[in-house]
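The values are calculated or read from the model by the stated rules, or taken from the named source; none is laboratory data. Everything numeric here is computed off the predicted structure, so don't read it as measured data. So basically every Cβ, Gly included, is an ideal-geometry build from the backbone, and we count neighbours across all protein chains shown. The protein model used for the area step is the full one, side chains on, heavy atoms only, and it has no ligands, DNA or RNA in it. Shrake-Rupley method; radii C 1.70, N 1.55, O 1.52, S 1.80 Å.
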Amino acid sequence: MDMAFLGDFVINVYTLFLSLMLLFFQERGRKSHSSAAYIRLIGILAILVGVSAVRDIVSLSDGNFIFLSKLTSYLIYALDPFSFLFAIKYIDSFVTADDRSGRNLYINPIMIYAIFNFILVALDAHLSKGWFLISYKTGFERGSLYMLRLFMQIMSCAIIFAFITVYKSYIHKWYVAPIQALPAIVLTGEILQYFIPYINFAYASSVFAFMVLFIYVQRRDIHMDYLTGTVNRRGIDAALRKAMADSAENPFCAVMIDIDYFKLINDNFGHKVGDEVLEGIAAILLETFDKKDVVGRYGGDEFCIITHMTDELEIEKRIHQVKKLVEDFEWSNRGKMDLSVSAGIAVYSKEMEMHGKDFMEFVDSRMYEEKALHQ
């Protein structure tokens with residue numbers, strides 16, 4: 001038994017180290033909903049793993065510190081369901097659907113389970129009913145409610161997976177696969193934990209899932225513009241570098257879109273209305289161009305599209321469609337001021353021998369040529 005606890009302790013220490021590294025490398029300076037939710041998610045896991053490691057140390061002490069053993073065990077049972085709650089709230093931060101009541105149908109059951117579990121664990125600690133675990137000098141046994149609790153953990157994973165499935169179309173395509181992997185990996189750990197109770201597979205699998213999120217979501221998340229749901233300037237620069245590197249075989253086109261008289265919109269109607277216009281035009285661009293195209297906010301009121309369409313007639317057709325949709329766009333101050341955009345396009349090929357900065361300035365100059373006609 002001691003060797004089993006020793007193995008669990010080693011895994012817990014290693015898992016704790018990885019959790020702290022994920023927290024350390026997370027860019028806490030970014031004020032986004034997903035960053036804050038991710039930090040809460042990793043934070044609760046780091047606490048649980050740290051407490052679990054302390055419990056293992058106590059279990060290796062030949063029955064000493066029995067009170068500390070009970071305390072750490074009850075803390076784990078009390079706090080563990082909150083990791084599921086923080087997980088679904090993290091996923092919810094990526095959902096763009098304006099459907100708070102519908103989303104709460106998935107979030108609230110997990111919240112109720114976490115709170116109700118916390119109350120039951122507190123009662124069990126006070127009344128010593130052995131509902132969750134039965135402690136003895138060198139370890140513990142699963143209590144009478146363990147199977148019910150395991151069922152609730154599995155149901156929590158199922159609810160999270162159902163939530164992702166229902167709102168999949170409202171999550172950015174880059175993020176869907178790693179987010180879908182989260183409940184699947186955690187569920188695997190929960191099942192392994194049941195069959196091998198003295199090795200902490202549940203938390204180890206969670207850290208593995210969070211590492212997947214960190215690599216494929218949080219790091220990519222620095223390329224997103226949270227107001228418009230498009231990529232930001234950094235994302236555009238990355239897409240441009242890749243497109244230029246592949247341009248020998250795959251020429252591409254860059255499109256610049258600028259909102260006419262945007263400063264007047266902000267000055268006359270306020271920044272909230274300006275944000276409404278930015279969000280609306282971003283939605284139009286995302287709808288008009290293909291999913292494989294990169295649509296981004298280049299800066300302020302200027303958008304850029306990197307597309308592998310090189311037929312200028314087809315691109316002009318898309319731009320005309322954008323302009324028509326912008327003219328018809330229903331915004332709060334329509335009637336007081338009309339909306340329009342200016343556009344510039346340029347097809348890039350390797351023969352141009354231009355650096356990325358020079359090429360973007362060239363596209364920008366084409367856009368300003370049209371913008372001058374709108375003054």
Original post:
For residues in the stretch 155-190 being of a type in the set (S, T, N, Q) and more than 21 Å from PHE208 (Cα to Cα), which is least open to solvent (accessible area, probe 1.4 Å)?
Top reply: THR165
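From the list ALA53, ALA87, which one is at pLDDT 70 or above, among the hydrophobic types (A, V, I, L, M, F, W, C), buried (at least 19 other Cβ atoms within 10 Å of the Cβ) and closer than 30 Å to LEU227 by Cβ? So that I can check it myself, show each step before the final result.
Numbers: ALA53 fails: closer than 30 Å to LEU227 by Cβ.
Only one candidate qualifies: ALA87.
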Original post:
So which residues in the stretch 121-134 are in a helix (DSSP H, G or I) and either surrounded by fewer than 18 Cβ atoms within 10 Å (Cβ to Cβ) or among the small types (Gly, Ala, Ser) (or both), if there are any at all?
Top reply: ALA122, LEU123, ALA125, HIS126, LEU127
**OP:** Starting from the stretch 72-86, keep only residues that are in a helix (DSSP H, G or I), then list their pairs with residues that are open to solvent by 40 Å² or more (accessible area, probe 1.4 Å) and at pLDDT below 90 whose Cβ atoms are within a distance under 6 Å, requiring at least 6 positions of separation or different chains.
**Re:** THR72/VAL54; TYR74/ALA125; PHE86/ARG40
**OP:** Of the numbered conditions (1) without any contact (Cβ under 8 Å) to a residue 24 or more places away in the chain; (2) within 14 Å of VAL277 (Cα to Cα), ARG297 fails exactly one; give the number of that condition.
**Re:** (1)
Subject >> Residues satisfying the stated conditions in the stretch 311-323, i.e. over 16 Å from TYR261 (Cα atoms) and under 33 Å from the mean Cα position of the chain (by Cα) >> reply: ILE315, ARG318, ILE319, GLN321, VAL322
Original post:
Do we have LEU75 as hydrophobic (A, V, I, L, M, F, W, C) and at pLDDT below 80 here?
Top reply: no
Original post:
Pick from the stretch 354-367 the residues that are touching a residue at least 40 places away in the same chain (Cβ under 8 Å) and over 18 Å from ALA238 (Cβ atoms): which of them is surrounded by the most Cβ atoms within 10 Å (Cβ to Cβ)?
Top reply: MET367
**OP:** Test PHE303 against the criterion of being among the aromatic types (Phe, Trp, Tyr), in a strand (DSSP E or B) and open to solvent by less than 30 Å² (accessible area, probe 1.4 Å), and give yes or no.
**Re:** yes
Subject >> Meets criteria (charged (D, E, K, R) and crowded, with 17+ Cβ neighbours inside 10 Å) for ASP225 >> reply: yes
**OP:** From GLU330, GLU351, GLU370, grab the single residue that is of a type outside the set (Phe, Trp, Tyr), outside any loop (DSSP other than H, G, I, E, B) and surrounded by fewer than 16 Cβ atoms within 10 Å (Cβ to Cβ).
**Re:** GLU351
Original post:
What pairs can you find where one residue is in the stretch 158-184 and over 18 Å from TYR38 (Cα atoms), the other is open to solvent by 40 Å² or more (accessible area, probe 1.4 Å), and their Cβ atoms are less than 7 Å apart, with a gap of 6+ or different chains?
Top reply: ILE159/TYR106; ILE159/PRO109; ALA162/TYR106; TYR170/THR96; LYS173/LYS291
Original post:
If you check PHE303, PHE252, which single one turns out to be farther than 21 Å from LYS350 by Cβ and in contact (Cβ under 8 Å) with a residue 24 or more places away in the chain?
Top reply: PHE303
